[in-house]
Amino acid sequence: MSEGGSWTPSWYKDSWGGNQRGGRNQRGAHNRGGGRNQRGGYKPYNQRTHQPTGGPSKMTKVDSGSISLAAGSKDFLEQIADQRRRVCSSVMEFNFNERRCRKLSVNREFKPDCGGIVYWMSRDQRVQDNWALLYAQRLALTHQLPLYVCFCLVPKFLEANIRHYGFMLKGLEEVEKELQTLDISFNLLTGYAVDVLPQFVSEMNIGGVVTDFSPLRTPLKWVRDVTAKLPRDVTFVQVDAHNIVPCWETSDKQEHRAYIIRGKIMDKLPTYLTEFPPVCKHPHPSTSKLQPVDWVSTKVSLQVDRTVAEVTWATPGSVGGLRQLELFCRERLEVYAADRNKPDHKAQSDLSPWYHFGHVSVQRSILTVQQFEDRYKQSVEKYIDEAVIWREMAENSAFYNPDKYDSLLGAPDWAQKTLRDHAGDKRQYIYSREQLEQARTHDDLWNAAQIQMVREGKMHGFLRMYWAKMILEWTPSPEVALQEAIYLNDKYNLDGRDPNGYAGCMWAIGGLHDRDFQERPIYGKIRFMSYFASKRKFDVPGFVKRYGAKAY
């Protein structure tokens with residue numbers, strides 16, 4: 001996967017891989033950089049001036065306010081807070097780029113005689129570094145109104161279970177506590193947004209609603225349903241707080257080649273890769289008394305699968321996620337370029353769970369990582385490519401292909417044809433879902449990867465590619481392979497149910513964002529991966545032993 005929690009080749013991208021995504025040889029004629037240079041003319045952002053810095057691909061060191069990890073320096077989180085405060089004291093002093101927003105309601109004019117503004121928090125579950133919440137506070141400050149944050153807790157979402165809900169709820173508990181210190185009301189509404197949010201809006205006489213953005217079809221439907229049910233005099237605005245370049249600004253259509261979307265993103269990155277202003281203490285608090293959320297009983301009441309245990313290695317919430325970012329910069333960034341695709345090395349950021357739940361902004365990570373460019377130039381450039389280009393390409397794919405991003409009907413025409421041509425090829429092994437889930441195959445490396453995912457909630461990026469391609473070999477058809485890969489990924493990985501995950505499965509099985517290769521049984525012209533090639537990349541026996549895996 002990419003560093004966004006996606007999977008695309010680990011040698012072509014981080015979570016699902018690393019660098020190989022589509023070249024004519026293994027690095028390729030249109031390998032990532034396509035016809036441009038490999039970085040597509042990246043113009044870094046100067047945090048002091050809020051403007052692009054000069055050179056086309058050279059990153060210049062920020063002249064003040066840079067992050068220091070040296071012994072005796074201020075706490076990492078305090079340094080980030082200082083960087084926000086240096087921009088301004090509140091979003092009212094900030095030149096907010098309204099191209100991050102799109103109006104969804106018929107009513108385009110805000111009604112001032114109302115009781116407040118609502119931020120419907122959904123995908124981006126954090127307070128700071130959140131463009132949607134900042135825009136909502138800007139509206140509330142402009143009209144001197146209370147600001148309400150609402151989160152709609154749905155009883156079921158795809159394959160989410162207690163592992164995912166537990167991680168999410170702990171992050172939301174942190175959100176509630178931080179909002180309390182800022183005099184912003186947090187409201188946990190139980191039920192689907194279409195059933196509970198319009199009612200809240202009417203009861204509180206809300207004049208404007210702001211929400212964040214997801215390109216997946218279920219959240220898109222939630223937004224459409226709420227749009228239709230909100231009072232007609234309420235303004236409804238969506239802000240892309242998840243991507244650095246808003247999805248609708250990157251392109252107005254689905255892009256199939258990395259070099260094309262890289263050029264589009266890099267051209268716009270200087271405009272959008274800005275430091276965040278702080279969400280400040282709100283001077284117009286709500287007068288209504290609100291009881292704190294009973295998080296224990298909320299968790300007990302969930303009607304979800306509880307057989308998949310919560311993980312202990314990852315601390316949910318923005319604080320835990322930013323500590324993970326600190327750890328990455330301190331211990332792993334130096335070797336990221338060289339070792340990110342070696343499962344037996346600790347080189348990846350492991351931030352994808354926090355990205356998925358919106359506990360950490362990718363933009364914050366890039367602003368931080370780029371400050372180490374003088375020391376770790378290649379690693380910084382690689383991380384930007386993985387966490388921005390490949391992740392936002394997956395967002396583009398889901399947004400402009402909403403009915404097919406998790407179906408082989410969404411694969412390229414050449415891939416659909418070659419998979420049809422080889423659908424009847426004899427499989428040496430056929431495994432059931434139960435056998436796959438229990439890691440009981442003849443392949444000890446695959447079993448180790450499956451155990452890692454089940455146990456830790458995050459499979460290494462390089463192995464995600466290998467893992468999915470083996471499922472193509474061991475199931476009756478490509479359609480079943482894609483179905484099983486998505487099911488297992490969404491059930492066990494904390495970063496499942498994500499555009500990056502769907503794009504990764506589609507890359508591995510359906511050739512999405514890739515090219516055709518030499519034809520072979522079962523795969524046809526889909527890129528092939530093998531056990532023996534993996535042994536040349538890293539210590540397979542050592543990895544297998546670490547997870548107690550074996551061949552059956």
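Each value in this text was obtained by applying a stated rule to the coordinates, not by laboratory testing. If you're wondering where the values come from, they're calculated on a predicted model, not measured in any experiment. Counting neighbours? That spans all protein chains shown, and the Cβs are built from the backbone with ideal geometry, glycine included.
For segment 91-297, would you read off the P(r) tail past 26 Å as a percentage of all alpha carbon pairs?
34
Treating the chain as a set of equal point scatterers at the Cα positions, no solvent, please give the Debye-formula log₁₀ I(q)/I(0) at q = 0.12 Å⁻¹.
After summing over all Cα pairs, the log10 values are -1.15.
If the chain between residue 97 and residue 281 were fully stretched, how many nm would it gain, using 0.36 nm times the residue separation less the Cα-Cα distance? Kindly include the intermediate steps, with their values, before the conclusion.
Working: separation 184, 0.36 × 184 = 66.24 nm, distance 2.18 nm.
Contour length minus Cα-Cα distance gives 64.1 nm.
For a quick check of your reading of the filter: which trypsin sites (Lys or Arg not before Pro) in segment 455-552 sit in a DSSP loop and have no more than 15 other Cβ atoms within 10 Å? Please report the intermediate quantities before stating the final value.
Numbers: sites: 455, 458, 464, 469, 491, 497, 515, 525, 527, 535, 536, 537, 545, 546, 550; in loops: 458, 497, 515, 525, 527, 550.
When the trypsin sites (Lys or Arg not before Pro) of segment 455-552 are filtered for loop state and at most 15 Cβ neighbours within 10 Å, 550 remain.
Would you mind classifying segment 408-546 by shape? Square roots of the alpha carbon gyration tensor eigenvalues, ordered a ≥ b ≥ c; an a/c under 1.5 is rounded, otherwise it is prolate if a/b is larger than b/c and oblate if not.
Numbers: a/c = 1.57, a/b = 1.36, b/c = 1.15.
Cα axes put segment 408-546 in the prolate bin.
Pairing the Cα long axis of helix 318-327 with the longest principal axis of the chain, what angle in degrees results, from 0 to 90 and rounded to the nearest 10?
With rounding to tens, the tilt is 50 degrees.
Which of rounded, prolate or oblate describes segment 401-490 when judged by the alpha-carbon gyration tensor and an a/c cut-off of 1.5? All intermediate terms of the calculation are to be shown ahead of the outcome.
Numbers: a/c = 2.18, a/b = 1.39, b/c = 1.57.
Since a/c reaches 1.5 but b/c is at least a/b, the shape of segment 401-490 is classed as oblate.
Take the alpha carbon atoms of segment 431-471, find their center, do the same for segment 90-169, and report the distance between the two centers in whole angstrom.
Cα centroid to Cα centroid, the span is 38 Å.
How far is helix 444-456 tilted off the main Cα axis of the chain, in degrees rounded to 10, range 0 to 90?
20
Compute the label zone of residue 477 within segment 420-442: residues whose backbone N is under 13 Å from the point 7 Å along Cα-to-Cβ.
Hits in segment 420-442 for residue 477 at 13 Å: 420-425.
For the chain, which span is the longest to avoid every loop-located (per DSSP) member of GluC sites (Glu not before Pro) having at most 13 other Cβ atoms inside 10 Å? Intermediate results must be reported in sequence, preceding the final value.
Details: sites that count: 109, 519.
For GluC sites (Glu not before Pro) (loop position, at most 13 other Cβ atoms within 10 Å), the longest site-free span of the chain is 110-518.
When the Cα centres of segment 269-287 and segment 295-368 are compared, how far apart do they sit, in Å?
Between the Cα centres of segment 269-287 and segment 295-368 lies a distance of 24 Å.
Report the chymotrypsin sites (Phe, Trp or Tyr not before Pro) located in segment 265-334 that are in a DSSP loop and have at most 16 other Cβ atoms inside 10 Å of their Cβ, or state none. All intermediate terms of the calculation are to be shown ahead of the outcome.
Working: sites: 272, 295, 313, 328; in loops: 313.
Here the chymotrypsin sites (Phe, Trp or Tyr not before Pro) that fit, given the DSSP loop and packing criteria, are 313.
Given a Förster distance of 30 angstrom, what is the FRET efficiency for residue 455 paired with residue 220, based on the Cβ-Cβ distance and rounded to 0.05? Walk me through the intermediate numbers first.
Working: r = 33 Å, r/R0 = 1.10.
It comes out at approximately 0.35.
May I ask for the net charge around residue 305, where only other residues with Cβ less than 10 Å from the Cβ of residue 305 are counted and Lys, Arg are +1 while Asp, Glu are -1?
On the way: positive: 156, 163, 306, 491; negative: 159.
Around residue 305, the surrounding residues sum to +3.
What is the spin-label model distance, in nm, from residue 377 to residue 109 if the labels are put 7 Å beyond Cα along the C-beta direction?
The answer from the label model is 5.7 nm.
Considering only DSSP states other than H, G, I, E and B, which trypsin sites (Lys or Arg not before Pro) in segment 221-282 qualify as loop sites with at most 10 other Cβ atoms within 10 Å? The partial results should precede the final answer.
Working: sites: 221, 224, 229, 232, 253, 257, 262, 264, 268, 281; in loops: 232, 253, 257, 281.
Listed in order of number, the matching sites are 232, 253.
Of all beta bridges DSSP finds with both residues in the chain, what is the antiparallel percent, to the nearest 5?
So the antiparallel bridges in the chain amount to around 25 percent.
Pairwise over distinct Cα atoms, reciprocal of the mean inverse distance: report the Kirkwood radius of segment 452-527 in Å, one decimal place. Walk me through the numbers on the way to the answer.
On the way: mean 1/r = 0.0800 Å⁻¹.
About 12.5 Å for segment 452-527.
Which whole-number percent of Cα pairs in segment 344-383 have a distance greater than 12 Å?
On the way: 491 of 780 pairs.
Beyond 12 Å sits 63 percent of the P(r) for segment 344-383.
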